[in-house]
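Q: Attaching a single structure in structure tokens format; questions to follow.
The values are calculated or read from the model by the stated rules, or taken from the named source; none is laboratory data. Everything quoted here is computed from the prediction, not taken from an experiment. Positions of Cβ are generated from backbone atoms using ideal geometry, with glycine treated the same way; all protein chains shown enter the neighbour counts. Each accessible area value is taken on the protein alone, full model and side chains, heavy atoms only, with ligands, DNA and RNA left out. Shrake-Rupley method; radii C 1.70, N 1.55, O 1.52, S 1.80 Å.
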Amino acid sequence: MVAPAELTPMLRHYLELKAEHPDALLFYRMGDFYELFYDDAVRAAAMLELTLTARHRGSPNEAPMCGVPHHALEGYVARLLRRGEKVAVCDQMEDPAQAKGLVRREVTRVLTPGTLTETALLDGKESAYLAAIAWGSGGGAGAFLEVSTGELFFRRWGHPDEARGDLDLLRPRELLLPPVPLPEGLAGEVAREGLRLTPVEAADWPGPAEAASLLRDQFGVASLRGFGFRDGEPALVAVAAALGYARRMRRSSLAHIRSVTARESDDALLLDGTTLANLEVLRSSRDGGRNATLLSVVDESVTAAGARTVRDWLRRPLRDLGAIETRLAGVEALLAGATVRSTVRDRLRGLADLERLAGRAALGALTPREAAAVRDTLAVVPALFAELDRLAAPALDSLVRSDPLPALAAALERGLVERPASSPEEGPVVAAGIDPELDRVRSLAADSKRHILALEANERQRTGIPSLKIRYNQVFGYFIEVTKANQHLVPDDYLRRQTLVNAERYVTPQIKELEEQILGAEERRVALEREHFEALRARVGAEAEPLAALGRALARLDVLAGWAEVAARGGYVRPHLHDGPPGVRIVEGRHPVVERTVSGGFVPNDTELDPERNQIVLLTGPNMGGKSTYLRQVALIVLLAQAGSFVPAREAEIGLADRIFTRVGASDDLARGESTFMVEMTETANILRHATPRSLVILDEVGRGTATFDGLSLAWAIVEHLHESCRPLTLFATHYHELTELAELLPRVVNRTMAVKEWEERILFLRRVVPGAADKSYGLHVARLAGVPPSVVARAGEVLANLEAGEYDPTGRPRLAKGSVPATAQPEQLPLFTPPEQLVATLLREVDLERLTPLAALNLLGTLKARLG
Ligand SMILES: Nc1ncnc2c1ncn2[C@@H]1O[C@H](COP(=O)(O)OP(=O)(O)OP(=O)(O)O)[C@@H](O)[C@H]1O
Ligand SMILES: [Mg+2]
């Protein structure tokens with residue numbers, strides 16, 4: 001690269017800015033284009049398929065360059081952000097026409113995945129969090145900030161596992177890393193694919209005191225206690241780091257962010273990322289998409305803000321009985337009022353995203369069209385609320401009513417034209433009647449054509465040249481054109497400007513005066529429109545908080561109306577929740593997703609879980625029997641109920657749960673670089689450590705990932721632990737039918753099985769959960785159904801018989817029952833059949849060797865061997 005001294009002032013300025021943003025692609029505004037230079041140009045040209053050119057080509061100052069039209073910036077930036085790039089945007093801060101010397105330019109925003117507010121760059125239906133983690137000696141904390149809506153909260157973590165769970169759950173778009181190392185278990189987790197990591201330099205990472213003072217400034221308070229902060233804790237640092245970073249990137253004080261909340265673990269029914277994934281709440285395990293997820297069934301929202309809220313509620317169901325009941329009552333009211341519901345949903349459709357627009361207004365970034373969207377939305381709100389009056393539902397009102405901001409609505413109504421241009425430069429924005437001066441210059445600008453035509457007619461008459469024309473071009477402005485044939489008629493006061501082949505071009509003092517007026521009027525119009533619009537935008541910005549609150553209220557209304565719709569279509573019922581002893585009683589429950597996809601009708605099933613007798617349900621049954629479906633269905637019903645939704649069942653009674661844990665199947669997590677069995681045991685350890693008697697634990701085939709006996713032993717010990725120590729309500733599906741013996745040993749363990757009917761060598765899945773344990777696993781039947789060659793299935797049958805023969809010890813006791821249980825404890829229940837070793841022993845004892853011929857001895861040996869299998 002050339003020495004800066006030799007560069008033009010513009011490129012020198014560019015390089016100065018670039019030095020301040022080494023890790024971002026710098027888009028530098030020049031006229032109608034944003035240009036990139038040097039390495040940025042080379043990289044961006046490749047990524048965006050732009051033509052690479054050069055500035056000062058052929059000179060020693062030659063600089064590779066590429067550019068995009070200014071109006072197309074966001075589309076290109078969106079593509080770069082998706083690739084994980086960071087973009088700095090440098091704008092012209094003054095009108096180039098009026099600039100003396102180099103046009104003043106500044107970086108006005110740095111766009112990073114976690115700090116966007118640009119509607120075009122955001123997915124309306126998903127929250128886009130910026131997160132920051134801070135860790136201290138006694139634990140850590142994470143801050144989560146959504147710049148576009150101003151949502152800001154923090155979580156405290158005692159253990160890296162909890163941090164891991166939250167990051168999995170909330171999936172921030174960008175994660176800020178402190179300049180000091182994170183604890184062991186977390187460092188690996190955050191390095192995982194998918195999280196965009198931004199290390200923050202020590203100079204930009206606040207200490208606790210600095211953090212506290214930054215937050216006091218931001219929130220305009222003298223003490224931070226009101227927000228639930230403790231002195232010097234990591235949460236302060238995390239929140240301040242996130243805010244500080246967002247402020248630096250947005251070049252803004254982010255004045256719309258006025259408060260922060262502590263999300264305590266006991267506010268919500270806790271789910272971790274694993275559980276959300278296992279239950280396929282937001283993403284399907286098949287392709288990570290939305291198809292066949294709980295979200296796809298219960299998201300009937302009609303607005304983007306509603307869709308974000310549904311996700312939020314599913315991710316964080318409640319634990320506060322009153323709050324849940326309020327939501328349920330809202331759904332009930334909207335379910336009963338079908339007409340109101342459909343009108344409300346119609347009116348909500350097409351409403352603007354007030355929460356995000358409020359954020360943009362607070363940042364001073366609201367465009368005229370976005371302001372019109374706010375206006376049009378506010379105009380609908382009174383009718384929407386009037387519609388709700390017809391339901392007379394106080395619980396609903398408490399959730400979904402908010403100040404409709406009539407004064408702001410009126411100001412926007414008055415202040416904006418019906419359909420504003422995208423900016424004052426492009427056309428009218430401000431309504432007529434606001435400012436007489438604006439009206440005057442506007443009519444002057446708009447009437448220029450009429451004025452010109454009048455002047456033209458006048459000149460034709462005065463000169464007697466019927467073909468005389470007044471025309472316009474960039475170089476001369478307005479001029480009079482007279483053909484060569486009429487030159488003799490041109491009056492003296494015409495000043496010649498240009499000679500063409502067939503015509504001469506003139507100006508007059510009068511036409512120059514008119515021109516000045518016309519061009520001046522346009523300039524004046526733009527200036528006045530901008531001034532008025534900025535005032536209006538500031539007005540909206542000043543009410544950003546109540547506006548965002550209204551947006552959130554409408555989003556809640558959207559969710560509740562959607563849930564009423566889901567309940568009406570799907571035949572869901574209102575669950576009965578209570579804060580008495582934990583317990584789940586479901587009559588004819590269904591799996592909300594599977595019931596929509598099975599052909600031939602879904603079979604509903606009952607559930608009974610309680611801490612006294614049915615604490616742990618061991619579910620056995622054939623492959624394909626419906627075990628996994630049943631387990632998930634119970635968890636989903638509890639989750640839905642505590643989120644405030646009706647549930648797919650005939651009746652449901654649920655004692656509030658504090659957490660749902662799941663450990664499902666043996667799935668590799670290669671991205672995390674851990675083996676199947678390691679993942680399985682890590683998750684199980686997490687359950688054993690954190691489950692309480694109020695938790696719901698779903699275990700699907702735990703232990704499968706290792707050697708049979710290891711797996712079975714672990715499963716056995718895990719059930720004992722759940723039964724004796726942490727005592728959560730548990731559903732455990734397993735193929736180890738040895739485990740079902742536990743029901744006889746432990747008082748709160750019961751066996752359930754998926755009923756099947758055998759019919760002509762085939763089995764019929766009834767998909768009904770019934771008391772008892774499966775007597776066989778039917779794995780071979782399923783193998784046959786799946787088309788495994790008959791010879792293989794037959795051979796598997798022989799092997800199975802051999803294995804089963806070894807299942808009981810010589811006294812007829814199951815080999816796996818605990819040694820401490822006396823063998824005589826259940827003589828009447830066992831043995832189920834005489835073990836072959838015992839038969840062989842009996843036969844041997846009875847043989848009279850004296851009378852045995854060699855041939856008979858050989859035959860006997862054959863029989864004995866056959867007995868042993
Ligand atoms: N209650 C039900 N009514 C109707 N169909 C059902 C029901 N439950 C499950 N099914 C159907 O049976 C299929 C298998 O169910 P599921 O995966 O739950 O069986 P499983 O017992 O867990 O099998 P495996 O032991 O192989 O894991 C489901 O994909 C679904 O199509
Ligand atoms: Mg299964």
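Q: Only one of (1) more than 30 Å from GLU531 (Cβ to Cβ); (2) open to solvent by 60 Å² or more (accessible area, probe 1.4 Å) is not met by GLU426, so which one is it?
A: Result: GLU426 passes all but (1).
Q: If ALA202 meets every condition in (1) at pLDDT 90 or above; (2) closer than 18 Å to THR112 by Cβ apart from one, which number is that one?
A: (2)
For every residue, the table says whether it meets (1) open to solvent by 10 Å² or more (accessible area, probe 1.4 Å); (2) within 16 Å of ligand 2 (Cβ to nearest atom).
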site: GLU608; (1), (2): yes, no
site: ARG613; (1), (2): yes, no
site: GLY626; (1), (2): yes, yes
site: LEU631; (1), (2): no, yes
site: ALA641; (1), (2): no, no
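Q: Quick one: is GLU545 open to solvent by 40 Å² or more (accessible area, probe 1.4 Å), of a type in the set (Asp, Glu) and modelled with pLDDT of 95 or more?
A: It is false that GLU545 is open to solvent by 40 Å² or more (accessible area, probe 1.4 Å), of a type in the set (Asp, Glu) and modelled with pLDDT of 95 or more.
Q: Tell me, please, whether a residue that is away from ligand 1 (no atom under 16 Å from the Cβ), of a type in the set (D, E, K, R) and more than 24 Å from LEU318 (Cα to Cα) can be found in the range 606-615.
A: yes
Q: Moving to a separate point now. Out of curiosity, is ARG650 more than 16 Å from ligand 1 (Cβ to nearest atom) and open to solvent by 10 Å² or more (accessible area, probe 1.4 Å)?
A: no
Q: Across the range 625-654, which residue is farthest from TRP563 (Cα to Cα) among those that are among the polar types (S, T, N, Q) and under 22 Å from the mean Cα position of the chain (by Cα)?
A: Here the residue is GLN642.
Q: Related question: Just the residues that are of a type in the set (Asp, Glu) and under 23 Å from ILE660 (Cα atoms), please, taken from the range 708-744.
A: Those that are of a type in the set (Asp, Glu) and under 23 Å from ILE660 (Cα atoms): GLU720, GLU724.
For (1) over 28 Å from HIS721 (Cα atoms); (2) not β-branched (Val, Ile, Thr), each residue gets a yes or a no:
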| residue | (1), (2) |
| --- | --- |
| PRO604 | yes, yes |
| PRO611 | no, yes |
| GLY625 | no, yes |
| VAL634 | no, no |
| ALA649 | yes, yes |
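Q: Now a separate question. Of everything in the range 16-34, what is in contact with a helix residue (DSSP H, G or I) (Cβ under 9 Å, 6 or more places away or on another chain) and closer than 20 Å to MET249 by Cα? Give them in sequence order.
A: Filtering the range 16-34 down to residues in contact with a helix residue (DSSP H, G or I) (Cβ under 9 Å, 6 or more places away or on another chain) leaves 16, 18, 24-34.
Hits for the range 16-34 are GLU16, LYS18, ALA24, LEU25, LEU26, PHE27, TYR28, ARG29, TYR34.
Q: Anything in the range 511-526 that is touching a helix residue (DSSP H, G or I) at 6+ places or on another chain (Cβ under 7 Å) and farther than 21 Å from GLY427 by Cβ? List them, or say none. Talk me through it step by step, then tell me what you get.
A: Here is the first cut: in the range 511-526, the residues touching a helix residue (DSSP H, G or I) at 6+ places or on another chain (Cβ under 7 Å) are 511, 514, 517-518, 521-522, 524-525.
Within the range 511-526, ILE511, LEU514 qualify.
Q: Output the number of residues of the range 615-624 satisfying the condition of being within 16 Å of ligand 2 (Cβ to nearest atom) and either closer than 11 Å to LEU729 by Cα or open to solvent by 10 Å² or more (accessible area, probe 1.4 Å) (or both).
A: Counting residues in the range 615-624 that are within 16 Å of ligand 2 (Cβ to nearest atom) and either closer than 11 Å to LEU729 by Cα or open to solvent by 10 Å² or more (accessible area, probe 1.4 Å) (or both) gives 3.
Q: While we're on this one: Contact list please: Cβ distance under 6 Å, first residue in the range 201-223 and surrounded by fewer than 12 Cβ atoms within 10 Å (Cβ to Cβ), second residue of a type outside the set (Gly, Ala, Ser), pairs at least six apart or on different chains.
A: Final answer for the pair search is ALA202/PRO179.
Q: Next question, about the same structure. If I ask for residues that are open to solvent by 10 Å² or more (accessible area, probe 1.4 Å), away from ligand 2 (no atom under 16 Å from the Cβ) and in contact with a Leu (Cβ under 7 Å, 6 or more places away or on another chain), which ones from the range 585-594 would you list?
A: Hits for the range 585-594: nothing passes.
Q: Also, quick follow-up: Mind telling me which of the residues GLY139, GLY158 ends up being touching a strand residue (DSSP E or B) at 6+ places or on another chain (Cβ under 9 Å), surrounded by fewer than 16 Cβ atoms within 10 Å (Cβ to Cβ) and not acidic (Asp, Glu)?
A: Just a single option satisfies the conditions, and that option is GLY158.
Q: Of everything in the range 519-541, what is surrounded by 20 or more Cβ atoms within 10 Å (Cβ to Cβ) and β-branched (Val, Ile, Thr)? Give them in sequence order.
A: VAL540 - this is the single residue of the range 519-541 that is surrounded by 20 or more Cβ atoms within 10 Å (Cβ to Cβ) and β-branched (Val, Ile, Thr).
Q: Hey, another quick one. Being open to solvent by 70 Å² or more (accessible area, probe 1.4 Å), among the basic types (Lys, Arg) and without any contact (Cβ under 8 Å) to a residue 24 or more places away in the chain: is that true of ARG79 here? Before you say what the answer is, go through the steps one by one.
A: Details: open to solvent by 70 Å² or more (accessible area, probe 1.4 Å): yes; among the basic types (Lys, Arg): yes; without any contact (Cβ under 8 Å) to a residue 24 or more places away in the chain: no.
No, not satisfied.
Q: For the condition within 15 Å of ligand 1 (Cβ to nearest atom) and of a type in the set (Phe, Trp, Tyr), what is the one hit in PHE732, PHE709, PHE677?
A: Only one candidate passes the filter, namely PHE732.
Q: Within the range 189-217, how many residues are under 26 Å from GLU126 (Cβ atoms) and in contact with a Gly (Cβ under 9 Å, 6 or more places away or on another chain)?
A: Qualifying residue count for the region: 4.
Q: So which of LEU699, LEU688 is within 16 Å of ligand 2 (Cβ to nearest atom) and either modelled with pLDDT of 80 or more or assigned to a loop (DSSP other than H, G, I, E, B) (or both)?
A: On inspection, the qualifying residue turns out to be LEU699.
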